[in-house]
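Here's the structure we're looking at; comments come further down.
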Amino acid sequence: MKNTFGSSVSLTLFGESHGEAIGAVLDGLAPGIKLDEEYIAKKMSQRMAYGKISTARHEEDKPEIVSGVYNGFTTGTPIALVIKNADMHSKDYSATRSLARPGHADFTAYCKYHGFEDFRGGGHFSGRITAPVVAAGAILMSALKNKGIYIGTHIKKCAGVSDRCFEDYKNDLVALDDKIFSVLDEDKALEMKSAIEKAAENKDSVGGILETAVYGLPEGVGEPWFDSIESVISHALFGMPAVKGIEFGRGFEFADMTGSKANDPFVFESGKISTLTNNNGGINGGISNGMPIIFRTAIKPTPSIFQKQKTVDFINNENAEIELKGRHDPCVVHRAAVVQDSLTALVIADMLALRFGTDFLGSDL
């Protein structure tokens, strides 16, 4: 199983949903980065479950940093962080041990690990494992902001309700940095939440689209062919359990455009080269061109629903039906936004270290 991502700055994940703890090791990060505990706590809160639009499982999710930080600054050695699990209802999964929950990794995990996997709550395949991703991502996002690089994700669409597009990138990203429910138009937040609650009442779930912007990334970042910005971001984001698609810039719209409309004309003004449009999402040839990086991911509806579904008993090899009990999210889109930010921050930090050196994000002192 491959649980490490990154070349120069890397992240290793460990733990299971109902195990003693989950955690991560963030390696290769420059020394001298100030650890902002309040910012980490804020990012963790953006991933937390709340209200009728989330699972009833509530964890404190307070990361304990056990190495790599001294006197409030990174030392340059691996940062190890641990998050304890406390609110587990493992008995909820006993009755369905041999039943493949539709949309989940129960059957595939059984095939790969021969029945030795920890199946409770989805084990290592659970969205619970994204908590240490966010803790590590908060460290990286804080360091990137100190270099003038901002990352933010909003819910572009959820349950058929659409948010507005990015307009003033920097101001929009600064605003998103403080939001629990990540939308640019607050009126749309109410509509989305209402639609999620309705799905929950119907014992169903909904998905959506997340749109991310990276502002302030310098030109020339990317390692073509196979480590282009698109390639590496896609690789990282498909690690998120719910992501099923990704597009950059105008994405699949390009199929219906002409070259004269799709191209981004270059212009030199105020001492800087930029483009008049940003259809290509800030990337040419897999390399950043100085414009904001823009991409969207498709987030599937939460597979854990409370309706009766057809399935199989994969241990006894027979057809069966399953009706889930327990605590599950009717939607994960709003909780996934900060996870997408965090994985994007990991990619950007890693690519900057490859381009400019491992001390790039460190202190200027």
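Values in this text are rule-based calculations from the coordinates and carry no lab data. These numbers come from a predicted model, not from an experiment. In this analysis, Cβ positions are derived from the backbone assuming ideal geometry, glycine residues included, and neighbour counts consider all displayed protein chains.
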- In deg cm²/dmol and to the nearest 500, what is the mean residue ellipticity at 222 nm of the chain if only DSSP H runs of at least 4 residues count, each as -39500 (n - 2.57), divided by the residue total? -8000 deg cm²/dmol
- Nearest-20 debye value, the range 9-356 charge dipole, Cβ charges on Lys, Arg, Asp, Glu: 400
- Query: How long are the semi-axes of the ellipsoid equivalent to the chain, from square roots of 5 times the Cα gyration tensor eigenvalues, in whole Å, largest first?
  - Reply: 34, 25, 19
- So Asn316 and Phe266, fully extended at 0.36 nm per residue minus their Cα-Cα distance, gain in nm 11.7 nm
- Message: With angles folded into 0 to 90 degrees, how steeply does helix 333-356 sit against the dominant principal axis of the chain? Use alpha carbons for both and round to 10.
- Response: 40
- Message: Using only the alpha-carbon atoms, how far is helix 186-201 inclined from the longest principal axis of the chain? Give it as 0 to 90 degrees, nearest 10.
- Response: 20
- Report, in degrees rounded to the nearest 10, the 0 to 90 angle that the Cα long axis of helix 130-145 makes with the longest principal axis of the chain. 10
- nm² value of the averaged projected area, convex hull over the Cα atoms of the range 1-42: 4.3
- Zone residues, the range 107-130, relative to Ser94, backbone N less than 17 Å from point 7 Å out along Cα-to-Cβ: 119-122
- Note on the structure: Taking Cα atoms only, Rg over Rh for the range 220-365 with Rh from the Kirkwood formula is 1.13
- When only C-alpha pairs under 8 Å and at least 6 residues apart count, what is the relative contact order of the range 9-356, in percent? 23
- Note on the structure: Per GNM of the chain with C-alpha springs under 10 angstrom, the most fluctuating residue out of Ile180, Ile315, Ile33 is Ile315
- Across bins of 5 angstrom width beginning at 0, how are the C-alpha pair distances of the range 316-365 distributed, in whole percent? 4, 14, 12, 12, 10, 9, 9, 8, 7, 6, 5, 3, 1, 0
- Task: Express in nm, to one decimal, how much length is gained between Val174 and Asp359 on full extension, taking 0.36 nm for each residue of separation and deducting their alpha carbon distance.
- Result: 64.1 nm
- Mind ranking 271-278, 247-254 by how tightly packed they are, going by the mean number of other C-beta atoms within 10 angstrom, highest first? 247-254, 271-278
- So for the pair Thr258, Lys34, with labels modelled 7 Å out along Cα→Cβ, what separation do we get in nm? 5.4
- Message: Around Ser98, under 14 Å between beta carbons, what's the net of Lys plus Arg minus Asp minus Glu among the other residues?
- Response: -2
